[in-house]
Structure formats: C-alpha cells, structure tokens
1. Determine which member of the set 294, 271 is part of a loop (DSSP other than H, G, I, E, B), within 25 Å of residue 346 (Cα to Cα), touching a residue at least 40 places away in the same chain (Cβ under 8 Å) and more than 17 Å from the chain's Cα centre (by Cα).
2. Among the residues of the stretch 252-300, write down those that are surrounded by 19 or more Cβ atoms within 10 Å (Cβ to Cβ) and among the charged types (D, E, K, R).
3. I need the strands (runs of 3 or more DSSP E) fully contained in the stretch 142-206, keeping only those with at least 3 residues that are touching a helix residue (DSSP H, G or I) at 6+ places or on another chain (Cβ under 7 Å).
4. Would you be able to tell me the number of residues in the stretch 152-174 that are aliphatic (A, V, I, L, M) and surrounded by fewer than 24 Cβ atoms within 10 Å (Cβ to Cβ)?
5. Can you tell me which residue within the stretch 195-227, out of those that are closer than 16 Å to residue 169 by Cα and of a type in the set (S, T, N, Q), is surrounded by the fewest Cβ atoms within 10 Å (Cβ to Cβ)?
6. Cβ-Cβ under 6 Å, sequence separation 6+ or interchain: first residue in the stretch 31-46 and on the phi > 0 side of the Ramachandran plot, partner surrounded by 17 or more Cβ atoms within 10 Å (Cβ to Cβ). Which pairs?
7. Of the residues 132, 171, 177, which single one is modelled with pLDDT under 95 and either under 29 Å from residue 51 (Cβ atoms) or out of contact with any Ser or Thr (no Cβ under 7 Å at 6 or more places or on another chain) (or both)?
8. Please pick out the residue among 74, 108 that is more than 26 Å from residue 328 (Cα to Cα) and either modelled with pLDDT of 95 or more or within 23 Å of the chain's Cα centre (by Cα) (or both).
Amino acid sequence: MSFHFKKSLLCSALVALFSTGGAQAATLADLARLGNDLTPFGAEKAGNANGSIPAWNGGLTQAPAGWKPGHGDPYGADKPLYSINGKNLAQYQAQLPPGQVELIKAYPGYRLDVYPTHRSCTFPTEIAQRTKAFAAQSKIGSDGWNLEQAAGAAIPFPVPQSGIEVMWNYKLRYMAKGRRAQVSMLLREKSGELSELKQWASEYYPYNDAAVKSPVDAGDYEAKMLYDVLTPPSRAGEMYLVHGYLDKPQDSWIYFPGQRRVRRAPSFAYDNPIAGTDSLYFVDQINMFTGAMDRYDFKLIGKKEMMVPYNSYKLVDKSNTYENLMGQDYLNRDAQRYEQHRVWVVEATVKADKRHSFAKRVFFVDEDSWALLHVDMYDAKGNLWRVQEGSLWANPQTQSCTGFEYVSYDLVARRYIADGFTQEGEVLDLTAGLEGRVSDKLFNSNELRRSGER
C-alpha cells in the first residue's frame, strides 16, 4: 500500500470521526461519576463559581398545594433579577444564543426578564438506576447517526462524547410514555388578525418503557404522533399520523375527511412547509426538532452557561389568552421567564451529499433535563434565518420536566409562529401514557381511518 493511499485512508477516518462528534464512547470511569460529581442523568451537580447557578438538589419532586399543569407557579413569588434589552445587550451578549441577540436588535421592546435559577428538573429513580446500569451499552451506528443500541427508560449517553449523542439524549429523554392535549398553532397575520389551528395532539414514546432492552424491542420506533384538526372549520377532521424511527426517515399518513381516505404523506418530513403557516414553519421544526438526523453532521461544541427559557409556568398558565400572549412581532415578554443554566451546544451542518433549507442549525440542550431550549437556523449563505425557542417546566406528576410550547421567529419575513400552546385547550394530560389513555394501538393507519370515519 502506497504512502499516499495510507494518508488518504487516515484523512478519511479523521473526517468521519470529527463529522460524527469527534470522540470515542464514554469510559467506565466517566460513567462512575454518575451520582457523584454528576447527577444521575449526567449534569454537573455543583453550582457555578459565582453562585448564579445553584447546585442540583434533586429537583422539584413535590407539587405545591393546588398545583396542576396549567394552574399555578411554584416560583411565582420570584421577581426578575434584571432584564436584558437593547440598552444593556453588550453586557450580557456572551451569555445569549446569537438568535436572541438578533431578536433584541430587530425589535424595540423585545427583552429577556432573567429570574433566579432553580434547577427543578429530575427524572424518576428507576430512570436513574437504568441510566447507570445500561449507559455503557449504548451505541451509535456506523452511519454516524442511527441508534444501534440503547436500553429504554434511560438516558442513553449521560456523559456524551459527541453531538449526535446529545441529540439522542434529547430525543429519548423520559416523558412518561405518552401525553395528549388540545394544542393550538398560532400565527399573527400582517393585518393583525390572529389565526389559530387547534388540534388534538397525542404522542407516544415506546422507548420510555423499561421492558425495552434494545431498539428491536421498541420496533425501532422513536415516537408515534397523531394530530386531529379541530379548527378552522375548513380543515376540521383532517388527521396526521407520524411514525419516527431510530434508524431511518419517518413515515407519515394523512386522513382527508372529504375523501374519507388515508394517504401516505412522504412530504410531511424534513424542510417541507406545514400547511397553513405561510411557509414560516417546517415539519422538522415540530417539537423543536423532529424526524431523522441523517441529513446533518453533528459536532459537539461543548457546554456553556447561558440565559435560556426555564420554569415557564407563566407561559402555560390557563388564565392567559392567546390574544394576550401573541403580540404583533413577538410573544408577550411578561409571560416568559429566563434563567441562567448550563447547556450543551451542538452544531449541525448539512452533509455534502444531502440538502436542507437550513444549511446549519445550532442546538442548545439543557444539561439537567436534556430538553432542547433554543435553536438557531442558518441559510446556505451563513445568514441567521430563523430562531426557535422552547419552554420547560417541572411536572411532579411524572417526576420529569416537560414543555409543549415553542415559538419560531423568521428574521427575513419578520413574522413568527407559535405552536403547542394549551392555554385555551380543554385537556393537558401528561400522564396519559402511564395510565393507558395513550397506547400503541392508537397509532396505525387502520385506526386512523376508523377514527376519521367515526
């Protein structure tokens, strides 16, 4: 074998290594830190040097009297420490995602109210035990993105060594097997009118089952989702079924009530615009990021202390109305709470042989919950195009943190869209998977047809 050929092979190996995250699997010594200097789920247990981030003490495991999702705020007595706006942006810019910086610059009046930090997120004891017991077995496939091996009801990579491992932690974080709610997608028209698409959303997570020892036990499913449109009247009765997989692109089906037929929907994936959103919102922006990860290379940038949405109880409070929440240019700033937390930063760039409207995405993932709190999305010229932020709040009913609500700002169109909002919905049920109101049998095309015909 010639020297040049050996050198070429070495370069190819290095490119493959760094494109999938640039690191080997966590060692047994890494995993031994769980429950010691790391929380059972991989976060740094200690606070930061100046005390603005406190030590983790187990999270919010007991609900205050009278609290339930959408009603009450365990930290409602807190007052903002300060606000970040156009006047003091330079002082805090290093602790903000670039997207927040651009929003502050773009819109007079846009601000971030920063509150005391509460590390409220946790997971059930069983998840902690299974995370430590099975993490050493978790493995990414040879293609650099699919989940080849991981046990269910556990954080697969609690001490991540690559960007793709962080992303799988986000996708498979524990959310109590399933949830259902009446949710709304909201869009403020240029005229000022508020458009609303209300639907039943049911989501099922096969991998949150302790019986799952490997992907085959979950049928290689990551998640199953069903959306049943309630309003506007012109679309009432439409139903969308989505199957997300661990090793391939998702499958989707649509039921059209006028035709009383179920059709495959291969276009309901990736960067295809969602109907009724004026092309402001792509399919794979649902739940902050959904679908296969095969079109990107994921690079782990590291961990950083940042101001992010957290303990967003005001944003989900049912005393609010959509008219009050949805300003013309941005979401009501009084309804949002930001705190300083450590987040994993992952940069995703489109592979050379793939395409996507977002040539680059940068993901900001909470260290305590593995929830995705912020995404910056760039076009092919490197310009910041869209900014998406999520919500996060501890739910003692499931011993985990959750969030339906998220917002996507388009900096080019200078418009925004909100999705997953539940304030005016009749149901917000986060224990549906635990108690059988959401189960696997609901999520197949035959059931989709029967449900539509009923």
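1. So the residue among 294, 271 that is part of a loop (DSSP other than H, G, I, E, B), within 25 Å of residue 346 (Cα to Cα), touching a residue at least 40 places away in the same chain (Cβ under 8 Å) and more than 17 Å from the chain's Cα centre (by Cα) is 294.
2. Passing the criteria: 284, 295, 297, 299.
3. The qualifying strands (runs of 3 or more DSSP E) are 194-204.
4. Of the residues in the stretch 152-174, the ones aliphatic (A, V, I, L, M) are 153-155, 159, 164, 166-167, 172.
Those left that are additionally surrounded by fewer than 24 Cβ atoms within 10 Å (Cβ to Cβ): 153, 159.
Result for the stretch 152-174: 2.
5. 214
6. Listed by first residue and then by second, the contacts come to 42/158; 42/159.
7. Details: 132 fails: modelled with pLDDT under 95; 171 fails: modelled with pLDDT under 95.
Just one listed residue meets the conditions, 177.
8. Values: 108 fails: more than 26 Å from residue 328 (Cα to Cα).
Among 74, 108, only 74 is more than 26 Å from residue 328 (Cα to Cα) and either modelled with pLDDT of 95 or more or within 23 Å of the chain's Cα centre (by Cα) (or both).
The values are calculated or read from the model by the stated rules, or taken from the named source; none is laboratory data. Note that the structure is a prediction, hence the values are computed from the model and not measured. Because the Cβ atoms are built from the backbone with ideal geometry, glycine has one as well, and the counts that use them run over all protein chains shown.
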